[in-house]
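As structure tokens, the structure follows; a few thoughts come after it.
The values are calculated or read from the model by the stated rules, or taken from the named source; none is laboratory data. Bear in mind the structure is a predicted one, so any value in this text is a computation, not a measurement. Glycine gets a Cβ as well: all are built from the backbone with ideal geometry, and neighbour counts include every protein chain shown.
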Amino acid sequence: MNENRNSRRLEVKRDGRACYRIWLEPDLAQLPAALGELRVENRRLCIVTDTSVAKLCAERLQEVLKDCCREVSLFVFPAGEEHKTLDTVRRLYEHLIVHKYDRKDLLVALGGGVVGDLTGFAAATYLRGIDFIQMPTTLLSQVDSSIGGKTGVDFDAYKNMVGAFHMPRLVYMDLSTLKSLPPRQFSSGMAEIIKHGLIQDRTYYQWLSDRSQAVMAGDYDALLSMIGESCRIKQHVVEEDPTEQGIRAWLNFGHTVGHAVEKLMDFRMSHGECVAVGCAAAARLSCSRGFLSEADCGKIEHLFGLYGLPVRVQGLAPEDILRTTRMDKKMEAGAIRFVLLRRIGEAYVAKDVSDEELLGAIRYICEA
């Protein structure tokens with residue numbers, strides 16, 4: 001595969017065979033070449049996006065796609081986590097039926113994690129499954145939700161409670177979209193990136209500390225290296241464990257407490273902010289078990305701070321957070337599967353975390 005210094009390509013495999021490719025590009029120039037591998041010239045493509053992203057880049061994408069396929073349609077739904085629901089999926093089904101989409105046609109998820117998760121779920125269930133393409137436009141979706149085939153929608157405020165595993169046919173990242181991200185949304189994506197270093201690569205974790213100024217300044221080479229490395233880590237985990245029966249659970253580091261905080265804050269905190277707080281709680285729990293030192297915990301919290309992320313939450317009762325964690329879909333036989341660290345760069349799944357232990361860590365992240 002040819003690529004220049006401004007690009008990076010990865011190949012996700014399943015059972016030793018290529019499943020799909022990830023293209024990291026500075027713009028949309030290589031999208032026709034990427035789509036050419038999927039032979040879409042006689043197929044319909046439906047761009048699925050939200051109102052925020054549609055204003056920024058839907059028209060530009062339509063112009064590129066119209067010369068690559070038979071027909072392009074656009075489905076736009078209101079932006080926001082509160083619209084990641086079965087009602088929105090139902091409206092998307094109606095659009096596909098009216099436009100006579102069949103099993104050979106494709107959906108194109110243009111947007112952040114909400115768009116990607118919802119589009120993937122619709123693709124997994126429409127006509128018992130059709131192909132889809134991920135085109136993530138946020139840092140968070142580029143390094144996390146667009147890779148691995150986990151799709152889903154929220155149900156009564158419980159995140160991703162309804163979903164399916166459905167692999168995309170292609171992940172195409174136009175890194176120029178990151179220029180439009182507000183600083184807070186960019187920082188939100190950094191939480192998942194820091195998590196990747198914490199669970200599997202201490203050298204990458206240190207690189208994130210050393211290169212924080214370049215990353216936050218939007219240096220393209222730094223961003224390309226960082227996103228490429230996070231995608232490589234996610235790729236490795238997904239290949240090893242495509243349906244989350246083993247090491248893929250490590251990717252949930254920080255998410256058990258993080259999801260509880262996110263729900264109780266009624267999504268006023270971003271996903272990444274909640275994950276950062278959850279990672280601080282998990283690090284504290286790892287420390288209480290003797291795996292991390294106090295110095296390790298301090299450095300972890302400092303790194304989140306370098307990227308504008310909180311490690312404390314205010315206004316919530318620790319007991320409410322604990323109760324909400326017990327509603328998490330990662331429960332197994334009545335016990336929470338909690339991801340902890342043996343050391344920075346090495347995660348493991350603990351199934352013996354007591355309520356008293358967890359409450360201690362939650363109280364820590366609720367302190368002023």
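Structure data summary
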| read-out | value |
| --- | --- |
| Only listed residue being within 22 Å of the chain's Cα centre (by Cα) and in contact (Cβ under 8 Å) with a residue 12 or more places away in the chain, chosen from Pro26, Pro32 | Pro26 |
| Residue match in the stretch 140-157 (condition: surrounded by fewer than 18 Cβ atoms within 10 Å (Cβ to Cβ) and either closer than 17 Å to Leu45 by Cβ or polar (S, T, N, Q) (or both)) | no |
| Search result, residues across the stretch 69-85 that are under 20 Å from the mean Cα position of the chain (by Cα) and surrounded by fewer than 15 Cβ atoms within 10 Å (Cβ to Cβ) | Pro78, Gly80, Glu82 |
| Conditions (1) outside any helix (DSSP H, G or I); (2) small (Gly, Ala, Ser); (3) at pLDDT 95 or above; (4) farther than 20 Å from Phe77 by Cα: number failed by Gly197 | (1) |
| Condition met for Val215 (part of a helix (DSSP H, G or I) and among the aliphatic types (A, V, I, L, M)) | yes |
| Odd one out for Gly228, checked against (1) farther than 23 Å from Val277 by Cα; (2) outside any helix (DSSP H, G or I); (3) of a type outside the set (Asp, Glu) | (2) |
| Residue within the stretch 123-137 that is on the phi > 0 side of the Ramachandran plot and touching a helix residue (DSSP H, G or I) at 6+ places or on another chain (Cβ under 8 Å) present | yes |
| Matching residues, the stretch 162-188, being part of a helix (DSSP H, G or I), buried (at least 19 other Cβ atoms within 10 Å of the Cβ) and among the hydroxyl-bearing types (Ser, Thr, Tyr) | Thr177, Ser187, Ser188 |
| Residue list for the stretch 212-225, restricted to those being buried (at least 16 other Cβ atoms within 10 Å of the Cβ) and without any contact (Cβ under 8 Å) to a residue 40 or more places away in the chain | Ala222, Ser225 |
| Strands (runs of 3 or more DSSP E) fully within the stretch 48-161 counting 2 or more residues that are closer than 21 Å to Gln235 by Cα | 106-111, 131-136, 150-155 |
| The listed residue being without any contact (Cβ under 8 Å) to a residue 40 or more places away in the chain and among the hydroxyl-bearing types (Ser, Thr, Tyr), out of Ser145, Ser187, Ser180, Ser209 | Ser145 |
